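Colleague: Sending over a structure as structure tokens; questions will come in a sec.
Derivation of every value follows stated rules applied to the coordinates shown; laboratory data play no part. Small disclaimer: the values here were computed from a predicted structure and weren't measured. Cβ coordinates were reconstructed from backbone atoms using ideal geometry, including for glycine residues, and neighbour counts include every protein chain displayed.
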Amino acid sequence: MRQYVVNCYEFNYKTMFDELEKYTNNGHFFFQPDHNLAKVSNVPKDLEGLYLIYALERGRVNLVFIGTKLPEGQWAPKMLLEDIEALDIYWYASENNGKSDDPKAMKAEILKVYKSVYGIKPRWN
């Protein structure tokens with residue numbers, strides 16, 4: 001894969017997602033149009049938490065989705081249509097140190113911050 005630049009204008013993505021650092025049960029995986037999602041995913045079964053999906057496209061990385069469930073449907077045709085080379089999918093389990101946070105509240109907070117910076121929701125939301 002080629003090098004990618006985070007499309008963050010004058011905003012630091014790390015600052016937006018500081019809230020998620022407390023969730024120690026997390027991970028990510030890459031998905032390309034020719035992949036089988038079941039084979040490349042490392043998401044624990046029955047995960048309750050938050051997903052952030054980044055599109056690697058035209059040398060840039062763009063956040064395209066924030067949600068509590070992975071979007072359903074055929075990703076490969078959508079990726080080809082939008083000229084997306086790969087997706088970098090991050091997941092965060094809402095349970096932390098024996099207590100569980102509400103995934104919907106996690107999503108609302110991250111969407112609020114994203115919208116305050118960009119004025120819109122990610123394009124797949």
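Colleague: Could you list K45, K99, K22 in order of exposure, starting from the residue whose Cβ has the fewest other Cβ atoms within 10 Å? Intermediate values should be presented prior to the final figure.
Modeller: Numbers: K45 4, K99 7, K22 11.
With the sparsest Cβ surroundings first, the list reads K45, K99, K22.
Colleague: For R60 and V40, FRET efficiency with R0 = 22 Å and r from the beta-carbon atoms, rounded to 0.05?
Modeller: Working: r = 22 Å, r/R0 = 0.99.
The formula returns an efficiency of 0.50 here.
Colleague: While we're on this one: Assuming a viscosity of 1.306 mPa s and a temperature of 10 °C, what translational diffusion coefficient in µm² per second does Stokes-Einstein assign to region 78-125, Rh being the Kirkwood radius over Cα pairs? Numbers along the way, then the final one.
Modeller: Values: Rh = 13.2 Å.
Estimated via Stokes-Einstein, D reaches 121 µm²/s.
Colleague: Could you work out the equivalent-ellipsoid semi-axes for the chain, taking the square root of 5 times each eigenvalue of the Cα gyration tensor, largest first, in whole Å?
Modeller: Working: eigenvalues 102, 72, 32 Å².
Values for the chain, descending: 23, 19, 13 Å.
Colleague: Continuing with the same structure: Return the calculated 222 nm mean residue ellipticity for the chain, to the nearest 500 deg cm²/dmol, obtained by summing -39500 (n - 2.57) across DSSP H runs with n ≥ 4 and dividing by the residue count. Before the final figure, lay out each step's value.
Modeller: Numbers: 4 runs with 31 residues, N = 125.
My calculation for the chain gives -6500 deg cm²/dmol from helical runs alone.
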